[in-house]
């Protein structure tokens with residue numbers, strides 16, 4: 001046929017493999033979808049004589065399917081895993097997060113050699129109304145002393161995790177400063193603004209920017225803060241828990 005493209009033997013083999021693979025994947029997801037919707041009275045029997053499907057289910061849920069497992073239990077397991085994965089993978093969804101400050105690193109050029117630096121950090125949440133609340137601060141746990149020009153300017157608070165409830169409308173401000181700094185030689189840094197609407201304390205490295213005069217000359221890629229964070233629950237779950245606690249703590253008046 002004119003204009004037809006000719007495939008090499010290797011390309012033909014790849015195409016044939018893909019054609020074989022996709023129907024198999026479609027069958028697997030079709031059965032999983034049936035299990036999720038509870039169709040056809042599906043239960044543990046659906047895994048009989050289907051070792052690949054059994055392996056997929058075990059990989060997803062971390063549990064071996066049993067022949068007598070009711071469809072409702074299978075549905076709950078799959079739904080829970082899928083829902084949790086979606087929530088964890090979407091950093092723009094509100095929720096309650098557990099956060100650790102894994103490491104703070106500062107560039108030595110911020111300080112004169114020989115100066116003793118007390119590295120401190122603070123996390124502040126600002127709600128849409130402008131109300132500020134300190135979520136966590138390191139000074140509660142004492143000093144973090146290093147000597148500029150002699151020690152690495154590094155601090156870690158990985159054993160001091162905290163929880164923060166976050167909505168996309170909230171602003172999170174992270175401050176790092178030297179508590180030993182005086183009025184004229186104070187050094188303060190703030191975490192660079194993250195992508196709008198995204199949880200700002202996500203796992204990984206974040207840049208720190210120097211506040212005040214001569215900030216451009218003092219900024220450096222070495223000024224950074226690293227977090228490890230995980231989603232604990234949704235905001236709706238947290239709100240329900242607060243309401244429940246409030247009801248339990250409310251005094252009962254007998255007239």
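Give 197, 212 a once-over and let me know the one that is touching a strand residue (DSSP E or B) at 6+ places or on another chain (Cβ under 7 Å) and either over 15 Å from residue 93 (Cβ atoms) or at pLDDT 80 or above (or both). First the steps, then the outcome.
Working: 197 fails: touching a strand residue (DSSP E or B) at 6+ places or on another chain (Cβ under 7 Å).
Being touching a strand residue (DSSP E or B) at 6+ places or on another chain (Cβ under 7 Å) and either over 15 Å from residue 93 (Cβ atoms) or at pLDDT 80 or above (or both) holds for just one of 197, 212, which is 212.
If I filter region 169-192 down to residues being part of a loop (DSSP other than H, G, I, E, B) and touching a strand residue (DSSP E or B) at 6+ places or on another chain (Cβ under 9 Å), which single residue comes out as farthest from residue 124 (Cα to Cα)? I'd like the intermediate steps shown before the answer.
If we filter region 169-192 for residues that are part of a loop (DSSP other than H, G, I, E, B), which is where we start, we get 169-170, 179-187, 192.
Still in the list and also touching a strand residue (DSSP E or B) at 6+ places or on another chain (Cβ under 9 Å): 170, 179-181, 185-187, 192.
Values: 170: 10, 179: 17, 180: 21, 181: 21, 185: 24, 186: 20, 187: 18, 192: 14 Å.
This residue is 185.
Quick grid of which residues meet (1) in contact with a strand residue (DSSP E or B) (Cβ under 7 Å, 6 or more places away or on another chain); (2) farther than 15 Å from residue 226 by Cα; (3) in contact (Cβ under 8 Å) with a residue 40 or more places away in the chain:
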| position | (1), (2), (3) |
| --- | --- |
| 129 | no, yes, no |
| 139 | yes, yes, yes |
| 142 | no, yes, no |
| 150 | no, yes, no |
| 155 | yes, no, yes |
| 167 | no, yes, yes |
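Taking region 179-192 on its own, how many of its residues are at pLDDT 85 or above and out of contact with any helix residue (DSSP H, G or I) (no Cβ under 8 Å at 6 or more places or on another chain)?
Keep residues of region 179-192 that are at pLDDT 85 or above, which gives 179-180, 187-192.
Adding the requirement that they be out of contact with any helix residue (DSSP H, G or I) (no Cβ under 8 Å at 6 or more places or on another chain) leaves 180, 188-192.
Residues that pass the stated criteria total 6.
Yes/no matrix, rows are residues, columns are (1) farther than 25 Å from residue 201 by Cα; (2) touching a helix residue (DSSP H, G or I) at 6+ places or on another chain (Cβ under 9 Å); (3) modelled with pLDDT under 95:
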residue: 108; (1), (2), (3): no, no, yes
residue: 112; (1), (2), (3): yes, no, yes
residue: 122; (1), (2), (3): no, yes, no
residue: 128; (1), (2), (3): no, no, yes
residue: 137; (1), (2), (3): no, no, no
residue: 140; (1), (2), (3): no, no, yes
residue: 149; (1), (2), (3): yes, yes, yes
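The values are calculated or read from the model by the stated rules, or taken from the named source; none is laboratory data. Keep in mind the model is a prediction, meaning the values are calculated, not measured. Counting neighbours? That spans all protein chains shown, and the Cβs are built from the backbone with ideal geometry, glycine included.
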